[in-house]
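K.L.:
One structure, as structure tokens, below. Some questions next.
The values are calculated or read from the model by the stated rules, or taken from the named source; none is laboratory data. All values reported here derive from a predicted model rather than from experimental measurement. Here Cβ is always computed from backbone atoms with ideal geometry, including for glycine, and neighbour counts include all displayed protein chains.
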Amino acid sequence: MDVELIEIQEFLASHPPFDQLPAETLTRLARRLRVRYIRRGRPFPPERADPPCLYILRRGAVELRNERGDLIGKLAEGDLCERHCLEGSDQGPLAGHTAEDTLVYALPCAELAELRAAYPGFAEHFEQSTAHRLRKALDVVIESPSIGNGLMTVRVREMIRRQPVTAPPETSIRDAARLMSERHVSSLLIMEGEELVGMVTDRDLRTRCIAAGLATDQPVRALMTERLITVDAEMLGFQALLTMTRLNIHHLPVMEDGRVIGLISSTDFTRLQSANAIYLVSDIQRADSIATLAQISSRLAELQVQLILSGATATQVGQAISAITDAITLRLLELAESQLGAPPVPYVWLLGGSQARREQSVHSDQDNALLLADTLKPEDEPYFAELAHVVNEGLNACGFPHCPGEVMASNPKWRQTFRIWNRYFSDWILKPEPMALMLSSVFFDMRALRDPQGLCAELYERIIEKSRANRIFIAYMAANALKHRPPLGFFRNIVLIQGGEHDHTFDIKHRGLIPIIDLARVYALSAGILENNTVERLQTAAERGALSRDGAADLIDALELIATLRMRHQAEQLRQGQPPDNFLSPGALSPLERRHLKDAFVLINTMQEALGQRYQTGRFT
């Protein structure tokens with residue numbers, strides 16, 4: 001075989017779906033392909049010379065436009081143009097032109113049909129929709145970590161080591177303690193017949209009985225915890241771990257069909273030897289200074305790397321990192337209050353951005369604010385100014401940099417009473433100017449870290465109802481959501497960053513994740529949805545009919561794929577001792593990953609176009 005044919009064969013073998021074909025078939029295929037050279041600016045597919053063909057781009061670039069002239073896709077090295085060989089294509093008429101001098105391999109559709117008939121794995125590529133390919137790609141990305149899956153695949157039921165030790169609520173505290181000692185357990189489930197009514201732990205015996213001077217002949221119901229958090233037996237171990245981490249608890253009863261089948265504890269996670277967040281949270285709770293918290297926070301990078309290596313998805317990593325950041329923030333508030341004294345009026349520490357959505361990666365910028373009770377007096381303001389200063393500086397010391405836009409509680413503008421916050425939101429909704437839209441994108445994602453008086457819950461319900469009722473505001477938000485567009489031709493120089501520190505890369509956060517986050521926010525506001533997590537927003541929007549179920553599923557898959565690739569990029573940087581960023585080089589991706597990432601971008605673009613048409617966003621730009 002001559003050198004040119006060997007080069008063609010090697011090229012095909014490195015690009016899907018031809019990598020599914022055996023070597024001998026690729027050898028024959030290399031001889032049957034027609035090589036075409038098309039100069040820049042010429043129509044594509046090439047005119048006159050070929051029967052209907054599948055085109056494989058070897059070099060160059062092609063732009064595809066619909067009948068209105070809108071750019072709907074770009075093709076470059078390794079991409080296929082198969083529409084002329086597929087029956088029932090769901091795309092309208094397309095007009096293609098070469099954006100630069102282009103070399104293609106052409107395979108007649110009849111010969112493509114023979115290959116599809118002979119090789120089912122190869123044929124599957126052409127039989128699947130973009131959404132189906134994306135879903136399958138996500139499975140491959142998630143199921144191929146560098147090391148074992150551990151908590152990513154194990155079910156809670158598999159972690160149960162023994163039958164639960166139980167006692168009725170009338171059991172004396174002394175007998176309950178004796179039973180726990182005899183059975184070598186640190187917790188006792190309290191049952192009334194088949195119903196779980198409470199739990200007692202070693203800690204309860206120490207703090208609620210011995211330290212409180214409670215008589216040990218009292219019934220155990222006097223010190224048991226009644227409102228229990230439980231988990232389903234089919235829940236993934238990682239999800240159970242996140243529940244423990246978020247709530248800082250160490251025991252979880254396991255339920256199946258409404259009955260208790262066991263109990264898992266933090267020691268069960270230790271037994272699995274998984275890097276997990278619950279131990280960091282325990283250390284955070286014991287920290288007595290900002291310096292200690294900063295030391296603990298320095299372990300976040302290692303945690304993110306180990307979670308990614310163990311097969312965690314971006315959603316799981318985001319939940320874990322956010323739970324730890326929540327714990328650090330809460331401990332900083334406690335340290336501030338111990339220094340300043342009790343707060344003069346009730347307050348809520350508001351979270352914003354990725355932490356609020358529980359989608360955080362290691363050491364993101366701060367986004368926070370303070371919501372104060374309307375009973376605030378002028379003489380109370382210095383207390384909260386100092387509280388905000390302590391927490392914001394503490395977070396900065398822990399590796400969470402100050403917000404470049406100063407959206408922080410230390411900024412007096414974002415340290416306001418309930419009445420003023422309500423007015424802020426009302427003004428943004430009624431007067432959706434560019435700055436109002438930017439602020440809405442930040443604060444409509446807010447979450448309360450601690451809200452004993454329910455101030456944030458009340459405010460959020462009010463503003464969600466106001467926004468839902470104002471269709472003009474929703475239309476402006478929809479137009480604002482279309483400003484971040486996916487880089488459909490991201491692996492070509494014309495759409496990569498040119499020059500500077502991030503030369504020949506693209507911003508996977510702002511060109512991939514933010515468009516989906518913005519879409520989900522608009523769907524949530526239009527349907528009056530209170531959830532702020534992006535996946536939960538999309539799921540609830542589909543349940544309420546604001547978005548099709550297929551559309552929601554496609555966006556969730558696209559989000560998970562893009563976010564997981566971003567997390568893996570950052571994990572590799574952290575492993576090499578580099579600061580993590582969002583600038584991904586196409587050369588760092590395999591041809592298959594590049595193709596699937598492009599599928600994700602195409603889906604995002606399609607959903608953006610649909611949103612734009614629904615709200616006629618051209619009138620609001």
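K.L.:
Those residues that are within 17 Å of the chain's Cα centre (by Cα) and within 26 Å of Leu482 (Cβ to Cβ), I need them from region 570-602; list them, please.
P.N.:
Asp581, Asn582, Leu597, Ala600, Phe601
K.L.:
So, one more: What helices (runs of 4 or more DSSP H), lying completely within region 424-512, carry at least 3 residues that are within 22 Å of the chain's Cα centre (by Cα)?
P.N.:
So the answer is 434-443, 471-481.
K.L.:
Spot the failing condition for Met477; the list is (1) at negative phi; (2) out of contact with any Lys or Arg (no Cβ under 9 Å at 6 or more places or on another chain); (3) free of Cβ contacts under 8 Å to residues at least 60 places away in the same chain, and only one is missed.
P.N.:
The single condition Met477 does not satisfy is (2).
K.L.:
Working carefully through the options Arg299, Arg286, Arg246, find the one that is under 30 Å from Ile562 (Cα atoms) and either acidic (Asp, Glu) or free of Cβ contacts under 8 Å to residues at least 40 places away in the same chain (or both).
P.N.:
None of the other options fit; the residue is Arg299.
K.L.:
Right, next: Would you point out which residue out of Arg227, Arg206, Arg178 is outside any strand (DSSP E or B), assigned by TED's automatic domain parsing to the domain that holds Val165 and either within 39 Å of the chain's Cα centre (by Cα) or of a type in the set (S, T, N, Q) (or both)?
P.N.:
Every option except Arg227 fails the conditions.
K.L.:
Hey, another quick one. Could you grab the pairs with beta carbons closer than 7 Å, sequence gap of 6+ or different chains, first residue in region 118-133 and in the same structural domain as Pro17 (by TED's automatic domain parsing) and over 20 Å from Leu597 (Cα atoms), second one modelled with pLDDT of 80 or more and assigned to a helix (DSSP H, G or I)?
P.N.:
Within 7 Å, the pairs are Tyr119/Gln20; Gly121/Gln20; Ala123/Arg116.
K.L.:
Please work out which one of (1) modelled with pLDDT of 85 or more; (2) within 26 Å of Gly399 (Cβ to Cβ) is the condition Leu228 fails and give its number.
P.N.:
All conditions are met except number (2).
Yes or no, residue by residue, for (1) in contact (Cβ under 8 Å) with a residue 40 or more places away in the chain; (2) more than 30 Å from Asp101 (Cα to Cα); (3) buried (at least 20 other Cβ atoms within 10 Å of the Cβ):
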position: Phe418; (1), (2), (3): yes, yes, yes
position: Lys431; (1), (2), (3): no, yes, no
position: Asp445; (1), (2), (3): yes, yes, yes
position: Arg462; (1), (2), (3): yes, yes, no
position: Ile472; (1), (2), (3): yes, yes, no
position: Ala481; (1), (2), (3): yes, yes, yes
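K.L.:
Just checking, does region 234-247 include any residue being modelled with pLDDT under 90, in contact with a His (Cβ under 7 Å, 6 or more places away or on another chain) and either aromatic (Phe, Trp, Tyr) or within 23 Å of Glu359 (Cβ to Cβ) (or both)?
P.N.:
yes
K.L.:
Output yes when any residue across region 389-406 is of a type in the set (S, T, N, Q) and either at pLDDT below 95 or not in a loop (DSSP other than H, G, I, E, B) (or both), and no when none is.
P.N.:
yes
The rows are residues; the columns are (1) at pLDDT below 95; (2) in the same structural domain as Gln616 (by TED's automatic domain parsing); (3) within 30 Å of Arg595 (Cβ to Cβ).
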residue	(1), (2), (3)
Glu465	yes, no, no
Lys483	yes, yes, yes
Phe490	yes, yes, yes
Ile494	yes, yes, yes
Ile497	yes, yes, yes
Asp507	yes, yes, yes
Tyr523	no, yes, yes
Leu538	no, yes, yes
Ala541	no, yes, yes
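K.L.:
Give all pairs with beta carbons closer than 6 Å in which a residue from region 579-600 that is closer than 22 Å to Ala301 by Cα meets a residue that is assigned to a helix (DSSP H, G or I); count only pairs at least 6 apart in sequence or on separate chains.
P.N.:
Sorted first by the residue in region 579-600, then by its partner, the pairs are Pro580/Gln570; Pro580/Gln573; Pro580/Leu574; Asn582/Ile508; Asn582/Lys509; Leu584/Ile508; Leu584/His569.
K.L.:
Tally time: how many residues in region 151-175 are closer than 29 Å to Ala222 by Cα and outside any helix (DSSP H, G or I)?
P.N.:
Within region 151-175, residues that are closer than 29 Å to Ala222 by Cα and outside any helix (DSSP H, G or I) number 13.
K.L.:
Hey, another quick one. In region 19-51, how many are loosely packed, with under 12 Cβ neighbours inside 10 Å and among the aliphatic types (A, V, I, L, M)?
P.N.:
Number satisfying all stated conditions: 3.
K.L.:
A further question on this structure: So is His502 out of contact with any strand residue (DSSP E or B) (no Cβ under 7 Å at 6 or more places or on another chain) and surrounded by fewer than 21 Cβ atoms within 10 Å (Cβ to Cβ) or not?
P.N.:
So His502 does not fit the description; no.
K.L.:
Hey, another quick one. Does region 339-347 include one or more residues that are part of a loop (DSSP other than H, G, I, E, B) and among the β-branched types (Val, Ile, Thr)?
P.N.:
Yes, that holds for at least one residue.
K.L.:
Specify which of the listed residues (Asn368, Asn411) is modelled with pLDDT of 95 or more, in contact with a Cys (Cβ under 9 Å, 6 or more places away or on another chain) and surrounded by fewer than 22 Cβ atoms within 10 Å (Cβ to Cβ).
P.N.:
Answer to the check: Asn411.
K.L.:
Could you figure out which of (1) surrounded by fewer than 20 Cβ atoms within 10 Å (Cβ to Cβ); (2) in a helix (DSSP H, G or I); (3) not hydroxyl-bearing (Ser, Thr, Tyr) isn't true of Ile604?
P.N.:
Answer for Ile604: the failing condition is (1).
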